[in-house]
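Visitor: I have a structure I would like to understand better, so I am pasting it below and will then ask my questions one at a time.
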Amino acid sequence: MPRVPVTRSFFEAGGHSLSAIRVLNRMADQLDVELSMAEFFLTPTIRALAERRERPGPAGEVADSVPLPSTLRRLWHRHHAHARPAVYNIAHRVDLRGALDRRHLAGALGDLVGRHHALRGRASHHDGEYRFEVLAQVPVELPLDDLTGSSDDAVERWCREQATRPFAMDRAPLFRFRLARLGPDHWVLVTVFHHAVCDGWSLGIVWRELRELYDARQSGSGESPAPPAVQFTDCARREHALSGDRRAELEEFWRTELEGVPLRLPLPYDRPRPERLSGAGALHTWRVRGPVPGRLAEAAAALGTTPYVVLAATFATWAGRLCGGLPDVVLAASSANRSAAERAGVVGFLGDAVLVRARLGAAGTFADLVRQLGATLFTALDHQELPLTEVVEVVSGETVENLFPTVLFSVVTTPPPNLPVRGLTTSVRALPTSGAARNELYVVVVPGPEELTVTFEYSTDLFDEATVTAWAEDFTELLEQVLPTP
């Protein structure tokens, strides 16, 4: 047998999650050393394990700590200022039909948490310093409730109860899982993550890995995913290690790009804006069917761009008209912030808004605006290395640790949630928090081949339902007008 260097990772040497379990069991039996899978993923080398044997760590041990990224600093302030902080929960209901193995599901959830720093993390604020702390291990529980014979409404209420309980950002874990039995072969799993440890892109990784980990346990094949090459904490360190020359280059770009244009959309309020919003809000969701979804795809193809850019140009046109005919509009557009290849497998809150200037007055036609906005968007994404908080400070001198952006625009480009577990029929749907708003206005568009789903999440401190309903009608009409002949 070839010699293995004491600094070589167990996984680089061909190990996987099932063989890791066997190693941990033998260490416990023969060496009286007990380690969790989470600890093993953090230190999968002979040398590191030997050091841990000399100084074992308790469950609450901080295994890693980094300065809090700017996105999490803003979220910290928003969370603690919001009357209903559960609005920052990301919750889903998963219906599972078939012969579910509860033990393997619980184990797969534990394996998932052990793989990702963010899922074992918490935010902290001590002596004026904000940090993200990764614990060596956190409890991963899967309580079971028996809802056999319950009505659909009762089951939905149960789901909402799990989804709307708030987290404390300084207490790990910032997730929870709960299972309900509805019948002999019908189960409901509710997953809830705080936004501090998960974003839309992360969910795709979570669903994929949970399926693979469950299937590996169920089949005994050992075909579990390779360990993440990059962790959330690596990304946080890189943000704080941005070099002086590169920072100066980025700052100059943003000063030039956003010079002389307001960064906040001056929406027409129905009543005076209070100094501090209460967080109360509502959702207005509608679907656009007929020829519009097909025309959206055709327009994007004809103009050599993406549906995202066409929708962003439409929203910019609508917002400019709504705000009194502005010649320039700065969109705060959601971005996964994963253009660097190594970030693709990272679970954590990396997504942020990128500021995109739409020069409405300089565009002769809607097609001109789409082309200009596409180039502007992709150039802005190339300069997103400077976090949004610092962009705003550089351009306007304003410190934004709380409510910015006030208007957020997002197009969902990730695949719908899906958990195709072997031997089970599953369906996944989101459990959004109602009655609350994260911004003055948050616009989310979900394009599909047959329909567009549009949601306006709005502050009821500022806007009436009738106003937002009229806005929705105007936005739909504008889509119908610009798409036939872009």
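Visitor: Which ³J(HN,Hα) values in Hz, rounded to whole numbers, follow from the phi angles of the stretch 375-385 under the Karplus curve 6.51 cos²θ - 1.76 cosθ + 1.60, where θ = phi - 60° and Gly and Pro get x?
Guide: 4, 5, 4, 5, 5, 4, 5, 5, 10, 6, 4
Visitor: Leaving out ligands, DNA and RNA, and with a 1.4 Å probe, what % of the accessible surface on the chain is carbon or sulfur?
Guide: Looking at the chain in its full context, I get 50 percent from C and S.
Visitor: Taking the Cα centre of the chain as origin and charging only Cβ (+1 Lys, Arg; -1 Asp, Glu), how large is the dipole, in debye to the nearest 20?
Guide: Using only the charged Cβ atoms, the result is roughly 1020 debye.
Visitor: Now a separate question. Which of rounded, prolate, oblate describes the stretch 322-412, given a ≥ b ≥ c as roots of the alpha-carbon gyration tensor eigenvalues and a/c under 1.5 marking rounded, otherwise prolate only if a/b is larger than b/c?
Guide: Here the stretch 322-412 falls in the oblate category.
Visitor: Any idea of the accessible area per residue across the chain, 1.4 Å probe, to the nearest Å²?
Guide: Value for the chain: 45 Å² per residue.
Visitor: Residue by residue, what Karplus-based ³J(HN,Hα) values in Hz, rounded to whole numbers, does the stretch 323-335 have, using 6.51, -1.76 and 1.60 with θ = phi - 60° and x for Gly and Pro?
Guide: My calculation for the stretch 323-335 gives 9, x, x, 5, x, 9, 10, 9, 8, 8, 9, 4, 9 Hz in order.
Visitor: Going by a ≥ b ≥ c, the root eigenvalues of the Cα gyration tensor, does the stretch 199-285 fall in the rounded group (a/c under 1.5), the prolate group (a/b larger than b/c) or the oblate group?
Guide: Because a/c hits 1.5 or more and a/b fails to exceed b/c, the stretch 199-285 counts as oblate.
Visitor: Sticking with this structure for a sec: Distance from the Cα centre of the stretch 179-205 to that of the stretch 338-405, in angstrom?
Guide: Rounded to whole Å, the Cα centres lie 30 Å apart.
Visitor: Right, another one. Using a Förster distance of 45 angstrom, determine the FRET efficiency expected from the C-beta separation of L478 and R102, and round it to 0.05.
Guide: Efficiency at R0 = 45 Å is approximately 0.35.
Visitor: Something else now. Tell me the mean residue ellipticity at 222 nm calculated for the chain from its helices only (DSSP H runs of n ≥ 4, each -39500 (n - 2.57), averaged over every residue, nearest 500).
Guide: Helix-only estimate at 222 nm: -12000 deg cm²/dmol.
Visitor: At what distance in nm do the modelled label points of S243 and V412 sit from each other, each positioned 7 Å from its Cα along Cα→Cβ?
Guide: It works out to 4.1 nm between the two label points.
Visitor: Once you have the Kirkwood Rh of the stretch 377-432 from its Cα pairs, apply Stokes-Einstein at 25 °C and 0.890 mPa s and quote D in µm²/s.
Guide: Stokes-Einstein gives a translational diffusion coefficient of 160 µm²/s.
Visitor: Whole-Hz ³J(HN,Hα) for each residue in the stretch 235-246, computed from phi via Karplus 6.51 cos²θ - 1.76 cosθ + 1.60 with θ = phi - 60°, x for glycine and proline: what do you get?
Guide: 5, 5, 5, 5, 4, 7, 9, 4, 6, x, 5, 5
Visitor: With all pairs of different alpha carbon atoms counted, what Kirkwood hydrodynamic radius in Å does the chain show?
Guide: The answer is 24.5 Å.
Visitor: Let me ask you something else. Please label the shape of the stretch 73-129 as rounded, prolate or oblate, based on the square roots a ≥ b ≥ c of the eigenvalues of the alpha-carbon gyration tensor (a/c under 1.5 means rounded; beyond that, a/b larger than b/c means prolate, else oblate).
Guide: Verdict is oblate for the stretch 73-129.
Visitor: Specify the angular offset, from 0 to 90 degrees and rounded to the nearest 10, of the alpha carbon long axis of helix 17-31 from the longest principal axis of the alpha carbons in the chain.
Guide: Relative to the chain, helix 17-31 is tipped by roughly 40 degrees.
The values are calculated or read from the model by the stated rules, or taken from the named source; none is laboratory data. This structure is a prediction, so every number in the text was calculated from the model and none was measured. Cβ coordinates were reconstructed from backbone atoms using ideal geometry, including for glycine residues, and neighbour counts include every protein chain displayed. What goes into the accessible areas is simple: the full protein's heavy atoms, side chains included, and nothing from ligands, DNA or RNA. Shrake-Rupley method; radii C 1.70, N 1.55, O 1.52, S 1.80 Å.
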